[in-house]
Amino acid sequence: MRTTTLGVVMVTLAAMAVSSGCIKKEEKQEDNKAGPPPAPPPPPPEPARSALTVDRDAKYTVLAAASGKCLQFGGRGMNEQALAEIATCDKSPAQQFKLQPVPGNYWTMVSVLSGKCLDIQAISSDDGALPQQFTCNGGENQQWIIADADAPGTIRLVARHSVKPLDVKDSGTADGTRVVQMASKSTPNQQFKLVPAAAETVAAKAGAGGASGKPKKEKSEKPGKTKAP
């Protein structure tokens with residue numbers, strides 16, 4: 001009797017094992033029928049390049065159109081991975097960039113202070129990814145498209161690898177407001193101006209008293225002769 005019961009149990013277990021194997025095999029077959037996971041969507045097409053003439057020998061400040069403040073890296077420092085932000089313009093090398101051409105009509109933006117490139121962290125294509133300064137390495141996340149923006153005289157700076165422009169986070173205007181990468185939209189916080197540092201200096205001098213920077217002397221009037229009554 002015990003032998004018969006044991007045999008029944010063994011047959012039952014064997015049947016369950018076969019059944020389980022069949023189910024797993026069917027699941028694998030179903031997985032194969034589903035095919036590979038879908039590929040991520042392709043990036044949007046690159047925007048048309050701006051007709052703006054860039055002097056590769058010049059130094060530029062990058063001015064946020066909405067706030068009138070300048071692009072710099074955190075704390076005006078030279079540290080690797082210092083994050084991009086806006087701050088009151090001060091004409092310092094920390095707020096100046098040299099633009100170097102890359103084949104295909106792209107540009108690298110090199111900090112005059114640190115010699116490091118404007119770079120999107122971790123080569124991310126996500127909205128909100130952080131621009132930083134990083135040792136120049138030729139990566140596409142360090143290459144930029146200069147495209148016209150909607151407001152006259154303004155541009156968008158579009159990352160080559162993601163085709164997403166720089167964006168002043170939450171349209172902020174305070175010193176230290178972060179700059180991020182964000183999908184393209186027609187808003188002032190994605191509009192910038194490239195201002196040659198030399199032109200900025202001339203403008204500052206003109207404001208101080210003419211193009212020469214010297215205050216103008218007022219002409220003194222000669223005293224007239226008084227007629228005797």
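The values are calculated or read from the model by the stated rules, or taken from the named source; none is laboratory data. In this text the structure is predicted, and so the values were computed from the model without any measurement. Glycine also receives a Cβ, built like all others from the backbone with ideal geometry; neighbour counts cover every protein chain displayed.
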**Q.** Pair list, Cβ < 7 Å and 6+ apart or interchain, from the stretch 50-74 residues that are within 24 Å of V102 (Cβ to Cβ) to residues that are basic (K, R)
**A.** K59/K98; L63/K193
Q) Which residues, counting only those in the stretch 55-70, are touching a Pro at 6+ places or on another chain (Cβ under 8 Å) and within 14 Å of W107 (Cα to Cα)? A) D55, R56, A58, K59, Y60
Q. Would you say S67 is assigned to a loop (DSSP other than H, G, I, E, B) and under 19 Å from V180 (Cβ atoms)?
A. yes
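Mind counting the residues in the stretch 157-177 that are of a type outside the set (D, E, K, R) and closer than 24 Å to A48 by Cα? Write out each step before concluding.
Of the residues in the stretch 157-177, the ones of a type outside the set (D, E, K, R) are 157-159, 161-163, 165-166, 168, 171-174, 176-177.
Then keep just the ones that are closer than 24 Å to A48 by Cα; that gives 157-159, 161-163, 165-166, 168.
Matching residues across the stretch 157-177 total 9.
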Q: Those residues that are in contact with a Ser or Thr (Cβ under 9 Å, 6 or more places away or on another chain) and either basic (K, R) or free of Cβ contacts under 8 Å to residues at least 12 places away in the same chain (or both), I need them from the stretch 157-169; list them, please.
A: K164, K169
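Limited to the stretch 124-169, what total is found for residues that are β-branched (V, I, T), under 11 Å from the mean Cα position of the chain (by Cα) and farther than 18 Å from Y60 by Cα?
So the first thing to find is which residues in the stretch 124-169 are β-branched (V, I, T), and the list is 135, 145-146, 154-155, 158, 163, 168.
This time we only want the ones that are under 11 Å from the mean Cα position of the chain (by Cα), so: 145, 158, 163, 168.
Subset that is farther than 18 Å from Y60 by Cα: 163, 168.
Within the stretch 124-169, residues that are β-branched (V, I, T), under 11 Å from the mean Cα position of the chain (by Cα) and farther than 18 Å from Y60 by Cα number 2.
Suppose we filter A211, A228, A174 for residues that are at pLDDT 95 or above, among the small types (G, A, S) and assigned to a loop (DSSP other than H, G, I, E, B); which single one remains? Break it down into steps so the answer makes sense when it comes.
On the way: A211 fails: at pLDDT 95 or above; A228 fails: at pLDDT 95 or above.
Only one candidate qualifies: A174.
Is it the case, given these coordinates, that P152 is in contact with a helix residue (DSSP H, G or I) (Cβ under 9 Å, 6 or more places away or on another chain) and either under 21 Å from L52 (Cβ atoms) or modelled with pLDDT of 95 or more (or both)?
no
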Q.
Looking at V195, V202, can you tell me which residue is modelled with pLDDT of 80 or more, outside any loop (DSSP other than H, G, I, E, B), surrounded by 12 or more Cβ atoms within 10 Å (Cβ to Cβ) and over 15 Å from the mean Cα position of the chain (by Cα)?
A. V195
